[in-house]
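Everything on this sheet refers to the single structure shown next.
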Amino acid sequence: MMQPKSRVKIAGEETLSNGWTRLSSYLLDYIDRKGATHRLKREVYHRTPAACILLYDPKRDLVVLVRQFRLPVHLNGDPAWMIEVPAGLLDDDHPEAAIRREAMEETGYHLRDARFLFKSYTSPGAVTEVVHFFAALIDTADRVAEGGGLDEEHEDIEVLEIPLDEAAAMIETGEIFDAKTIVLLQWARLNRGTLF
């Protein structure tokens, strides 16, 4: 059910940081369902849209994933070299063009077809980022480069080829704990016979 915008009025905004991403503090007047107005303070990270993709080789029944360092995970004390699906920011590109670029940069795979699945907010309570989810069928002939990320961005990405069932089991063992990767692996298991 659509909620009327008239229930929310932005009363003020202050930029707290404007580095790799912008962090703003908002004051808003919010009218609750009972009609009472409340002055609320919220902080929002303004992140640009992103895209991610599951690369699946049906002949070998495996997925192509990547492993890379994630500082916030390190700061939380968790294993910081995370296993993930290829992903990246749109950088003003159409979502499909962006994910084709990211798949090539990170894994070296040229995509014949990329199927758009859905889009999702990653953390709607505090982050504006919306992620576009894709899937693509690949085979060994589609790997035309080494991958590993861009040298100029100091990316250090390891390309992994893992059987689909093994990758899904890695969710339960805690080896895979990235949300977008979990979503796409579960989607693949549910749709294995009809990916395209």
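The values are calculated or read from the model by the stated rules, or taken from the named source; none is laboratory data. The model shown is predicted, which means the values in this text are computed figures rather than measured ones. Note that we place each Cβ from the backbone using ideal geometry, even for glycine, and neighbour counts take in every protein chain shown. Note: accessible area is taken over every heavy atom of the protein model, side chains too, but ligands, DNA and RNA are not part of it. Shrake-Rupley method; radii C 1.70, N 1.55, O 1.52, S 1.80 Å.
Results, tabulated for the structure shown:
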quantity	calculated
Antiparallel bridges, percent of DSSP beta bridges restricted to the chain (to nearest 5)	85
Stokes-Einstein diffusion coefficient of the chain, Kirkwood radius over Cα pairs, 10 °C, 1.306 mPa s, in µm²/s	85
Simple Cβ-charge dipole of the chain, Lys/Arg +1 and Asp/Glu -1, about Cα centre, in debye nearest 20	1460
Projected-area mean, the range 81-137, by convex hull of Cα positions, square nanometres	4.7
Within the accessible area of the chain (1.4 Å probe), percent carbon and sulfur	53
Helix 95-107 axis, angle to the chain major axis (alpha carbon atoms, nearest 10°)	50
Val159 accessible area, assembled protein chains, probe 1.4 Å, Å²	40
Against the rule of thumb 2.2 N^0.38 Å, how large the Cα Rg of the range 99-196 comes out	1.15
Cα centroid separation - the range 34-88 against the range 160-190, whole Å	14
Accessible-area order (highest first, 1.4 angstrom probe) of the listed residues Lys34, Lys180	Lys34, Lys180
Packing-based order for 88-94, 127-133, 102-108, using average beta carbon neighbours within 10 Å, highest first	102-108, 127-133, 88-94
Heavy atoms of Arg39: accessible area, 1.4 Å probe, square angstrom to 10	140
Which listed pairs, of Lys34/Lys119; Lys59/Lys119; Lys9/Lys119, have C-alpha distances above 30 Å, in listed order	Lys34/Lys119
Table column - 3J(HN,Hα) (Hz), the range 55-68, Karplus curve with 6.51, -1.76, 1.60, x for Gly and Pro	9, 10, 9, x, 5, 9, 6, 9, 10, 9, 10, 10, 10, 8
By accessible area with a 1.4 Å probe, ligands and nucleic acids excluded, highest first: order of Tyr26, Tyr45	Tyr45, Tyr26
